1. Out of the residues in segment 256-280 that are assigned to a loop (DSSP other than H, G, I, E, B) and among the small types (G, A, S), state the one that is nearest to ligand 2 (Cβ to nearest atom).
2. Condition (residue is part of a helix (DSSP H, G or I) and in contact with a strand residue (DSSP E or B) (Cβ under 7 Å, 6 or more places away or on another chain)) applied to segment 238-255: is it met by at least one residue?
3. Condition first: surrounded by fewer than 16 Cβ atoms within 10 Å (Cβ to Cβ) and either assigned to a strand (DSSP E or B) or on the phi > 0 side of the Ramachandran plot (or both). Now tell me which residues in segment 45-69 satisfy that.
4. Do you know which residues across segment 108-162 are on the phi > 0 side of the Ramachandran plot, within 16 Å of ligand 1 (Cβ to nearest atom) and more than 17 Å from the chain's Cα centre (by Cα)?
5. Regarding segment 103-126, can at least one residue be identified that is among the small types (G, A, S), out of contact with any strand residue (DSSP E or B) (no Cβ under 8 Å at 6 or more places or on another chain) and more than 22 Å from V6 (Cβ to Cβ)?
6. Among the residues of segment 309-342, count how many are of a type in the set (D, E) and out of contact with any helix residue (DSSP H, G or I) (no Cβ under 9 Å at 6 or more places or on another chain).
7. For A219, are the conditions met, namely being within 14 Å of ligand 1 (Cβ to nearest atom), more than 18 Å from the chain's Cα centre (by Cα) and open to solvent by less than 20 Å² (accessible area, probe 1.4 Å)?
8. Identify, by number, the condition in (1) within 14 Å of ligand 1 (Cβ to nearest atom); (2) surrounded by fewer than 17 Cβ atoms within 10 Å (Cβ to Cβ) that G82 doesn't meet.
Amino acid sequence: MTMTRVLSVPSAKAPFEKTTIERRELRPHDVFIDIKYCGICHSDIHSAFDEWGGGIFPMVPGHEIAGVVAAVGSEVTKFAVGDRVGVGCFVDSCGECEYCLSGEEQYCTKGVISTYNALDYDGNPTYGGYSQKIVVTENFVVRIPDGLELDVASPLLCAGITTYSPLKHWNAGPGKKIAIVGMGGLGHLAIQFAHAMGAEVTVLSRSTNKKDEALGFGANHYFATSDPATFTTLAGRFDLILNTVSANLDVDAYLSMLRVDGTLVNVGAPAEPDKYSVFSLIMGRRSIAGSLVGGIRETQEMLDFAAEHGIAPKIEVIRADQVDEAYQRVLRSDVRYRFVIDISTL
Ligand code: NAP
Ligand code: ZN
């Protein structure tokens, strides 16, 4: 076992503490990673505040992990010491069910193992990337392309794949009108991916504050949802609405902006249930859907796509002792657009 320094929350909503945990002995297929940067996802906040329930404490959040391979197990074939690598939201799955076999490990029927706030198949708690080191089986490690700096790459491991995957699944591309709701960590990447895929992109943000940056990320149109006229102007407009908002929305109002056969895809994950009228669906043969992160193969594809198209998160690098404050700033939407922890400050 190896001791590693971590930032840990002892109980829901408690401030972070610097402490140590043990990482397991390397198994034959394990990769030992020196973490350099870890992004702060809004899911870290939902989890550390136990808003979704079932939180396992003490908790070490973090699933936007970028680092360098420091050692490999005896049977590792995909990685070598010195490789620049990433780990996202998951660290294991059964590897045998139909979803694992098709590269969609996130929907594993045995239950995918989350990078933190979960119990692995041996019953041990998992601890995430607010940590100096992590041990992960090689099938859940991805390669960070040379064209991406590690700090910039880290948010792609969750925010990137969580938006890339549904955009691809619902065929974002030329001729498609797509709305991105909420311009935070996920949203500002969704704009860039949808634009690079060739879709016509509209940003729906609460205020007009982020308009210039949205257009800079490739948006064709920008509307403020605080203006009720937005919903009438855009009635029946979109093929796809990707909702990245961490709070409940007026779902009927958003459904009204879909064309016939359009789909509202939720990736934002508010704790409370949504409410909508079935007539909002019936009257336009519309669908409501959801999407969970993305599989490992697709995560690698997304990283390569980002490097090739010059897609990059806009980040603010912080020290380990600034994480509590950063959480408060994310809750106030006072971040452009992703905090990334410099793990050397831990
Ligand atoms: P974030 O950076 O806080 O961005 C959320 C954005 O939503 C904000 O920037 C804001 O955009 C908008 N917003 C916030 N509060 C709102 C409110 N009360 N009403 C309307 N809009 C509001 O969060 P994130 O890291 O992108 O994560 C977003 C959500 O996705 C979280 O719930 C997270 O847990 C979830 N998530 C899901 C998955 C998945 O697999 N499905 C993966 C990762 C994250 P504007 O200022 O532009 O309005
Ligand atoms: Zn996340």
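The values are calculated or read from the model by the stated rules, or taken from the named source; none is laboratory data. This structure is a prediction, so every number in the text was calculated from the model and none was measured. Don't worry about glycine lacking a Cβ; one is built from the backbone with ideal geometry, like all the others, and counts go over all protein chains shown. Ligands, DNA and RNA are excluded from the accessible area calculation, which covers all protein heavy atoms including side chains. Shrake-Rupley method; radii C 1.70, N 1.55, O 1.52, S 1.80 Å.
1. First pass over segment 256-280, keeping only residues assigned to a loop (DSSP other than H, G, I, E, B): 256-257, 267-278.
Now drop any that are not among the small types (G, A, S), which leaves 256, 268-269, 271, 277.
Values: S256: 29, G268: 11, A269: 9, A271: 15, S277: 30 Å.
Looking at residues that are assigned to a loop (DSSP other than H, G, I, E, B) and among the small types (G, A, S), I get A269.
2. Filtering segment 238-255 for residues part of a helix (DSSP H, G or I) gives 251-255.
With the extra rule that they be in contact with a strand residue (DSSP E or B) (Cβ under 7 Å, 6 or more places away or on another chain), the set shrinks to 254-255.
Yes, segment 238-255 contains a residue that is part of a helix (DSSP H, G or I) and in contact with a strand residue (DSSP E or B) (Cβ under 7 Å, 6 or more places away or on another chain).
3. The answer is G53, G54, V68.
4. Of segment 108-162, the ones on the phi > 0 side of the Ramachandran plot are 111, 117, 123.
Now drop any that are not within 16 Å of ligand 1 (Cβ to nearest atom), which leaves 111, 117.
Residue satisfying the conditions is G111 alone.
5. Yes, that holds for at least one residue.
6. Quick first cut of segment 309-342, residues of a type in the set (D, E) only: 316, 321, 324-325, 334, 342.
From what is left, the residues that are out of contact with any helix residue (DSSP H, G or I) (no Cβ under 9 Å at 6 or more places or on another chain) are 324-325.
Of the residues in that region, 2 qualify.
7. On the way: within 14 Å of ligand 1 (Cβ to nearest atom): yes; more than 18 Å from the chain's Cα centre (by Cα): yes; open to solvent by less than 20 Å² (accessible area, probe 1.4 Å): yes.
So A219 passes the test.
8. Single failed check for G82: (1).
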